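What follows is a set of notes on a single structure, which appears directly below.
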Amino acid sequence: MSKFKTWEEIRKGFNFTPEEEAEMELEMDIIRATIEARKNANLTQKELSEKSGIKQPSIAKIESFVHSPQATTLIKLLYPMGYTLKVVPLSERAKK
């Protein structure tokens, strides 16, 4: 048996509200979509850094879920790849 707790064990200890859980899930979805967009564009983090003006170590921290990106940072990352952010009703998001 491992002496380390799993993320799920730690997460349960925080007693997040459903709203906080939804917020974290949405943030992870946005970051995953940004990673997918970069990979679909066949760009390395360094190449995206050069195109976006965001430093490569910052991109790495975002992609590894260490730092939460601000909306302006996401826009700077997505725009050179031909993407943007869009606000959609929650009911539309649930369909996907």
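The values are calculated or read from the model by the stated rules, or taken from the named source; none is laboratory data. In this text, all values refer to a predicted model and were calculated from it rather than measured experimentally. All Cβ positions, glycine included, derive from the backbone under ideal geometry; neighbour counts span all protein chains shown. The accessibility values were calculated without ligands, DNA or RNA, using every heavy atom of the protein model including side chains. Shrake-Rupley method; radii C 1.70, N 1.55, O 1.52, S 1.80 Å.
Structure notes:
- Dipole of the chain, positive end: most advanced residue of 26, 83, 6 [Cβ charges, Cα centre]: 83
- The listed residues 88, 66, once ranked by accessible area (1.4 Å probe) with the largest placed first, stand as 66, 88.
- Per residue, the chain reaches -19000 deg cm²/dmol at 222 nm when only DSSP H runs of four or more residues are counted, each adding -39500 (n - 2.57).
- Taking every protein chain into account, the 1.4 Å probe leaves residue 85 with about 70 Å² of accessible area, to the nearest ten.
- Within the chain, the longest segment free of exposed loop sites, counting chymotrypsin sites (Phe, Trp or Tyr not before Pro) that fall outside DSSP classes H, G, I, E and B and have at most 16 other Cβ atoms within 10 Å, spans 17-64.
- Residue-normalised accessible area of the chain, expressed per residue, 1.4 Å probe, Å²: 80 Å²
- Cα-based reach from residue 76 at 22 Å (exclusive), listing lysines while leaving out same-chain residues under 8 positions away: 39, 46, 51, 55, 61, 86
- For residue 67, the residues whose amide H sits under 5 Å from its own are 62, ignoring neighbours fewer than 5 places away on the same chain, with H placed 1.01 Å from N.
- Estimated distance in nm for a label pair at residue 72 and residue 7, the labels positioned 7 Å out from Cα along Cα-to-Cβ: 2.9 nm
- Segment 1-78: radius of gyration over Cα atoms, expressed as a fraction of 2.2 N^0.38 Å: 1.31
- In a DSSP loop and with at most 13 other Cβ atoms within 10 Å, the trypsin sites (Lys or Arg not before Pro) in segment 1-70 are 3, 5, 55.
- Charge context of residue 51, other residues only, Cβ under 15 angstrom, K/R +1, D/E -1: +3
- Rolling a 1.4 Å probe over the protein heavy atoms of the chain, with every protein chain left in place, gives an accessible area that is 57 percent carbon and sulfur.
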